[in-house]
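The values are calculated or read from the model by the stated rules, or taken from the named source; none is laboratory data. Just so it is clear, the model here is predicted, and its values are computed rather than measured. Positions of Cβ are generated from backbone atoms using ideal geometry, with glycine treated the same way; all protein chains shown enter the neighbour counts. These area figures cover heavy atoms from the full protein model, side chains too; ligands, DNA and RNA do not enter into them. Shrake-Rupley method; radii C 1.70, N 1.55, O 1.52, S 1.80 Å.
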2 protein chains.
Amino acid sequence: MAKLELEASERDAGGSGPQMPASRHYRKARHDRGAETRHRLLLAALDAFGRYGFEAASTRDIAKRADANLAAIVYHFGSKEALHRAVTEYVIEQITRHMHTEQAEARDYLNGSPDKAGARIMLRKLIRWKVQSMLREEEAELWSRFILREQMDPSSTFDAVYEHLCSDQDPLNGLIGILFDLAPQSDEAIVRSATIMGQIFIFHIGRPMILRRLGRNALGDEELDLIARVVEENIDRIVGFALPLETAA
Amino acid sequence: MAKLELEASERDAGGSGPQMPASRHYRKARHDRGAETRHRLLLAALDAFGRYGFEAASTRDIAKRADANLAAIVYHFGSKEALHRAVTEYVIEQITRHMHTEQAEARDYLNGSPDKAGARIMLRKLIRWKVQSMLREEEAELWSRFILREQMDPSSTFDAVYEHLCSDQDPLNGLIGILFDLAPQSDEAIVRSATIMGQIFIFHIGRPMILRRLGRNALGDEELDLIARVVEENIDRIVGFALPLETAA
DNA sequence: CGATATATCAATCGATCGATTGATTTTGTC
DNA sequence: GACAAAATCAATCGATCGATTGATATATCG
């Protein structure tokens, strides 16, 4: 379950760290308590930062929810700020890992000699995969909330998130560009991509409201299938005009 | 500019208020300082609560940004919590006011004998109006951020926002229902409405990221026109299948 | 002008925040 | 078992939080 390592990605957290988990050339424990505590703190912080924001999320609450001592945060990460950076890195790493295969495939296709028919199929595949992974993966709601929270106070780690997850890592713009005869970085391609991502993000950011309208307490398989079908249908229709209708499944 | 009154909508803010602006049967001042201070505090709080969240937004910061004294918050509103409630009421009031005419028109249409052709035109009108008002109105980004922030910590004033802005006030579900042969409160109608709203909300919640991709510092008329065109086109195509293509402008 | 309600202000309260400390427990090597 | 590094813990620090206080300033009446 806990694949994360993170190890020493933040040495001196702003100039404070007196003692840190050296992780030098020392043997690993048979049962690494430290790594487990670190991971529990990371997940608790991911939820707390995303839900309450950086300042409102108290280290005491994070430590308590991680079943760890308050001082463990400074011990394992260096400071509250460093913990926030570690969470950012974790989110980027997780999303990148989940996206890697499909995005690489789409990028490879774009680097070849793409045409509209192929781009439409590739877009459908990418969207289907984004919807599934972003809605099925349980942690994904935490990732979305954390990232969108950063947007509201665009100072902290906004740049890192942007560079790793948005700029040119995402082949969505390229596919849209081909289908609509637009330059990949043209304003319209960017706006069109945003409207597509918005249809997915709304089910993260607005989940409480949607759950209430649906009269549910959680999104079950039935609702997730419905959401996936509607989003995929919508995008199929949006890009459908670019090509004569076909039977691509 | 300041139409707001709010007057005595929160009497005793949780049982604290020793002195409050009585606003009894006393004549209004020629130059009402209190109302101005109250409104400046309200706008500053709207921005701060939406941006940093309830707890992270400090009353000292709000007072400073409103060019008012710290104690003015308790004096005019009763407490930080009451200020938050007042902001919620203000947002509901503003959105309701901006939406009133168009939503009433759509509701009237739904209460008549609606057909698909009329519903499509009505939907197009409603969407166009939502896009324009939500993107053109300068305060709208603050409203969206505030509401979406509530979603992340669905405790506080979530119910009030939901009841006034979502439940059955919004005729979007009804129009979608007619166009897709769905019951207005069916799961699919709700999900379809959400994907439509997501295409608009993304430009509020993700504005910093989109601005960066566009290489802009702000959304000018040019970009707003583009966004409006793309969103309206998308929705036209999404619902277009429900009807044979026509030339309705 | 007083008289009075309205409004603003600096100073201060207890509570909680992030961070630090020194002691203690756990773990692995010799 | 002796020893040290890794890890956890309770207690505590100064800073800042929301809220309160009493004094002062402003505005509208008789």
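Along the Cα→Cβ direction, 7 angstrom out, place labels at B:ALA183 and A:ALA160. What is the inter-label distance in nm?
The modelled label-to-label distance comes out at 4.9 nm.
Want the number for B:ARG97 to B:GLU139: 0.36 nm per residue separation, take away the alpha-carbon distance, what's left?
My answer for the length gained is 13.8 nm.
So for B:GLU55, A:GLU222, B:GLU150, what's the accessible-area order with a 1.4 Å probe, most first?
These residues rank, largest area first, as A:GLU222, B:GLU55, B:GLU150.
Run the numbers on the range B:87-240 and let me know its relative contact order in percent, using alpha-carbon pairs under 8 Å that are six or more apart.
Rounded, it is 29 percent for the range B:87-240.
Given the whole protein assembly as supplied and a 1.4 Å probe, what does the accessible area of B:HIS39 come to in Å², nearest 10?
Probe radius 1.4 Å; accessible area of B:HIS39 about 30 Å².
Select from the range A:30-84 those trypsin sites (Lys or Arg not before Pro) which occupy a DSSP coil region and have at most 14 other Cβ atoms within 10 Å, ordered by residue number.
A:ARG30
Mind grabbing the accessible area of B:GLU105 for me, 1.4 Å probe, Å², rounded to tens?
Near enough 70 Å² of accessible area.
For the range B:164-217, state which trypsin sites (Lys or Arg not before Pro) are in a DSSP loop and have at most 15 other beta carbons lying within 10 Å of their beta carbon.
B:ARG216
Just to be sure I understand the model, the point goes 7 Å from the Cα along the line to the Cβ. What's the resulting A:SER58 to B:ARG60 distance in nm?
That separation, rounded to one decimal, is 1.8 nm.
I'd like to check one number: the per residue accessible area of the range A:87-240, probe 1.4 Å, reported in Å² as a whole number.
Roughly 38 Å² per residue, with all protein chains present.
Just round it to a whole percent: the fraction of Cα-Cα distances in the range A:87-240 exceeding 21 Å.
Cα-Cα pairs of the range A:87-240 separated by over 21 Å account for 47 percent.
So what's the projected area for the range A:73-135, the Cα convex hull averaged over all directions, in nm²?
5.6
Need the list of aspartates and glutamates near A:LYS125 for cross-linking: C-alpha distance under 17 angstrom, and skip anything on the same chain fewer than eight residues off.
In chain and number order, the partners are A:GLU102, A:GLU105, A:ASP108, A:ASP115, A:ASP170, A:ASP225, A:GLU232, A:GLU233, A:ASP236, A:GLU246.
Tell me whether the range B:33-78 comes out rounded, prolate or oblate; compute the Cα gyration tensor, take square roots of the eigenvalues as a ≥ b ≥ c, and use a/c under 1.5 as the rounded threshold.
prolate
For B:LEU224, which inter-copy label distances result when the label point lies 7 Å beyond Cα on the Cα-to-Cβ vector, reported in nm to one decimal and in ascending order?
So the distances to the same position in the other copies read 4.0 nm.
Place a +1 charge on the Cβ of each Lys and Arg in the range A:98-249 and a -1 charge on the Cβ of each Asp and Glu, then give the dipole magnitude about the Cα centre in debye, rounded to the nearest 20.
480
What is the distance in Å between the Cα centres of the range B:137-216 and the range A:161-231?
Spelled out, the Cα-based centre of one part sits 14 Å from the other.
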